[in-house]
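The values are calculated or read from the model by the stated rules, or taken from the named source; none is laboratory data. This is a predicted model, so every value here is computed, not measured. Ideal geometry is used to build each Cβ from the backbone, glycine not excepted, and the neighbour counts take in all protein chains shown. Note: accessible area is taken over every heavy atom of the protein model, side chains too, but ligands, DNA and RNA are not part of it. Shrake-Rupley method; radii C 1.70, N 1.55, O 1.52, S 1.80 Å.
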Amino acid sequence: MSNLKTNAMRILDKHKIAYKTYCYANTNAISGVDVASTLNQNPAQVFKTLVTTAKSGNHYVFMLPVAEELDLKKAALAVNEKSVEMLKQKDLQPLTGYVHGGCSPIGMKKQFKTIIHHTAQNFPTIIFSAGHIGYQIELALTDLISVIPLGTADIIV
């Protein structure tokens, strides 16, 4: 394991929250399903972080199991918006500070309302991006909620 510390890890350290890290930097894992497979983890327990923009101009973050697809209508309902669409890839880094494939819900430039798929509650811990391609964090959902404001909803197709 590399000794790289991401913003997300530093924030968890500051809050004295225990977490486990995974590094898969030397693989060809591209999709979240590839990442789950590389880490020998259940894809239902590994979450991807997606950033959206609403007609209102507000931005929202959605976390869902890596093998699932975000339902934009359900997502919009979950945040009381008429509609949301995926943020354009070129806008991700300027808005969040993270690149595509390395976006963590923790440590974005600005904290956006975040919704996680309700199945996260079925696991003792969940795994998600540590904020750098090739790095993942595993921690309890309650610990994640203590660091960022997080709601749960059914947001998948």
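Restricting attention to region 109-119, and to residues there that are more than 11 Å from the chain's Cα centre (by Cα) and farther than 19 Å from Ser31 by Cβ, which single residue is surrounded by the most Cβ atoms within 10 Å (Cβ to Cβ)?
Phe112
Consider His100 carefully, then state whether it is in contact (Cβ under 8 Å) with a residue 60 or more places away in the chain, closer than 16 Å to Leu50 by Cα, out of contact with any strand residue (DSSP E or B) (no Cβ under 9 Å at 6 or more places or on another chain) and open to solvent by 40 Å² or more (accessible area, probe 1.4 Å).
In short, no.
Does Thr27 satisfy the criteria of being under 13 Å from Gln136 (Cα atoms), open to solvent by 30 Å² or more (accessible area, probe 1.4 Å), at pLDDT below 95 and out of contact with any strand residue (DSSP E or B) (no Cβ under 7 Å at 6 or more places or on another chain)?
Answer is no for this residue.
Find all pairs meeting these conditions: Cβ atoms under 8 angstrom apart; at least six residues apart or on different chains; first residue within region 40-55 and farther than 17 Å from Cys23 by Cα; second residue of a type in the set (Gly, Ala, Ser) and open to solvent by 50 Å² or more (accessible area, probe 1.4 Å).
Partner pairs satisfying both residue conditions: Ala44/Ala67.
Of the residues Lys48, Lys90, only one is under 25 Å from Ala140 (Cβ atoms), open to solvent by 30 Å² or more (accessible area, probe 1.4 Å) and of a type in the set (Lys, Arg); which?
The match here is Lys48.
Residues to consider are Ile137, Ile145; find the one that is open to solvent by 30 Å² or more (accessible area, probe 1.4 Å) and closer than 13 Å to Leu12 by Cα.
Being open to solvent by 30 Å² or more (accessible area, probe 1.4 Å) and closer than 13 Å to Leu12 by Cα holds for just one of Ile137, Ile145, which is Ile145.
Those residues that are modelled with pLDDT under 90, touching a strand residue (DSSP E or B) at 6+ places or on another chain (Cβ under 9 Å) and under 18 Å from Phe123 (Cα atoms), I need them from region 36-47; list them, please.
Residues satisfying the conditions are Ala36, Leu39.
For region 4-28, which residues satisfy the criterion of being within 17 Å of Ser104 (Cα to Cα) and free of Cβ contacts under 8 Å to residues at least 60 places away in the same chain?
Answer for region 4-28, where residues must be within 17 Å of Ser104 (Cα to Cα) and free of Cβ contacts under 8 Å to residues at least 60 places away in the same chain: Lys5, Asp13, Lys14.
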